[in-house]
Amino acid sequence: MVKLKLLSRKYRWVPYLLIAVAIVSAIILNKFTTTDRQLLKEFTFSILNIALLLIFLTCQKLEDEMFVQIRLVYAMGGLVMGLAFTFFKAFTALCGWEWEVSDFSAGSLLMVILLSINLTFWMHCQKMQNDNINEE
Amino acid sequence: MIILMKNNIKIERTRCGFTQQQLADLLGVSRQTINSIETNRYIPSTVLALKLAKYLQKNVEELFELESTD
């Protein structure tokens, strides 16, 4: 049985605090300092990525072996999503469409991956909860 | 040939008079896990299968069986 070291539920406020800090600091630095916008964007993305990873690695109310398996499946799914996104962006750039490959940083790719992992995992958990209601 | 695993958890749980939640609490797992096992969406680990067999008072072979389809 695979065991994952997950963040305790009592620290589940930490990633949300990080998200708030990232957004507030981005707004403040953008308004009141002359920090390079690209650098600021990368800084904000990296904090948001840490927060998203922590959200994914925070314990559910009742964590068991099935949730570990689901986490691993969706982590892999996120990787596939990231690859598909990379291919799509490169393809659109090749076709001379709107996006530029140079706009596409590692931070933004990681954010796409982490967002898709979190979103699909959350949707799966919600679906399982709803499935169970009438099956006692 | 595809080999699938089917189980009799729901039948045995009902026979023992447990709800999904009660069985989940005994095993230390979530109700979703019991539901997923019963509907063949999740195959439990050996540890969990042995625990199920213990609480449902059956052998593991009586709870789980392999089924082959063409």
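Of all lysines in the structure, those lying under 18 Å Cα to Cα from A:K31, and not within fewer than 8 positions of it along the same chain, are A:K41. For the protein assembly as shown, dividing the convex hull volume of the Cα atoms by the residue count gives 167 Å³ per residue. If you wrap the tightest convex hull around every Cα atom of region B:17-70 and split its volume per residue, you get 89 Å³.
Taking K and R as +1 and D and E as -1, what net charge do the other residues with C-beta under 14 Å from the C-beta of B:M5 add up to? Net of charged neighbours comes to -3.
Short-range pairs are left out: with C-alpha atoms under 8 Å and at least six residues apart, the relative contact order of chain A is 29 percent.
Under a model in which nothing but the beta-carbon of Lys, Arg (+1) and Asp, Glu (-1) is charged, the protein assembly as shown shows a dipole of about 720 debye around its Cα centre.
Straight-line cross-link reach from B:K58 at under 19 Å between alpha-carbon atoms covers these lysines, not counting any fewer than eight positions away in the same chain: B:K6, B:K10. Pairs of Cα atoms nearer than 8 Å and 6+ residues apart set the relative contact order; for chain B it is 53 percent.
Each reported figure results from applying straightforward, stated rules to the coordinates on display, with no laboratory input. These numbers come from a predicted model, not from an experiment. A quick note on method: Cβ atoms are made from the backbone with ideal geometry, for glycine too, and the neighbour counts reach across all protein chains shown.
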